[in-house]
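Written below as structure tokens is the structure these notes are about.
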Amino acid sequence: MMRRLMTIGMMLLMLSSCYYFNQVVDDIRESNAMERSRKKDGGGAYENDKYKEGVYKAIDDIAKRPVNKKVQFEGIELIIPENTAINNDTWTLLDLKTGYGLPISFSNEGECLKKTIKGKVYGLSYNDYISGVKEIGKKIEKANGFVNTCK
């Protein structure tokens, strides 16, 4: 009897706490973001076996393209490689020829690579462990004047 009362008391205590509910909501939100990024047009498409080969071919192709296309991002103008765009949902670079997302992302928060315009901070991040992505990232960084603050 005492054990049942203790169990009921513990369950009531857990149910009255918002922590567990918030934890579940956060986990669902995070898993949705991960799922979105692994889609064909997301920055994590290279992690999906279905798209891996195509993404690497797109990276090699984009690394050869000039960085001269001007686009608007959150109120500023950025210069990115030809035949690419910034995905509005994930803020990652998107190859318009193939539709593959690349592990290069832009943000309106400070990253290691950042640029400040009119008091607003913009960030750039890329996976520099993947051959070709580092080249593309460096070109975008140089063309747009991003500064590395994490040395």
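About its Cα centre, the chain has a charge dipole of approximately 180 debye under the convention of +1 per Lys or Arg Cβ and -1 per Asp or Glu Cβ, with nothing else charged. Amide H contacts under 5 Å for Tyr100: Asp95, restricted to partners 5 or more places along the chain or on a different chain, H placed in the peptide plane at 1.01 Å from N. Computed over the chain with a Gaussian network model linking Cα atoms closer than 10 Å, the most mobile of Val55, Val71, Val133 is Val71. Among the listed pairs Lys50/Lys114; Lys70/Lys120; Lys39/Lys134; Lys97/Lys120, a Cα-Cα separation exceeding 30 Å is found for Lys50/Lys114; Lys97/Lys120. Helices in the chain, meaning DSSP H runs of at least 4 residues, each add -39500 (n - 2.57). Divided by all residues, the mean residue ellipticity at 222 nm is -13000 deg cm²/dmol. Relative to the dominant Cα principal axis of the chain, helix 52-64 is inclined by about 40°. For Leu113, the amide hydrogen comes within under 5 Å of the amide hydrogens of Leu124, Thr149, counting only partners 5 or more places away or on other chains and with H modelled in the peptide plane. Working from Cα positions, state the angle (0 to 90°, nearest 10) between the long axis of helix 133-144 and the longest principal axis of the chain. That works out to roughly 70 degrees. Sparsely packed loop sites in region 76-151 (the chymotrypsin sites (Phe, Trp or Tyr not before Pro) outside DSSP H, G, I, E and B with at most 12 other Cβ atoms within 10 Å) comprise Tyr129.
Read-outs: derived from the displayed coordinates by stated rules, not from any lab. Small disclaimer: the values here were computed from a predicted structure and weren't measured. Backbone-built Cβ (ideal geometry, glycine too); neighbour counts: all protein chains shown.
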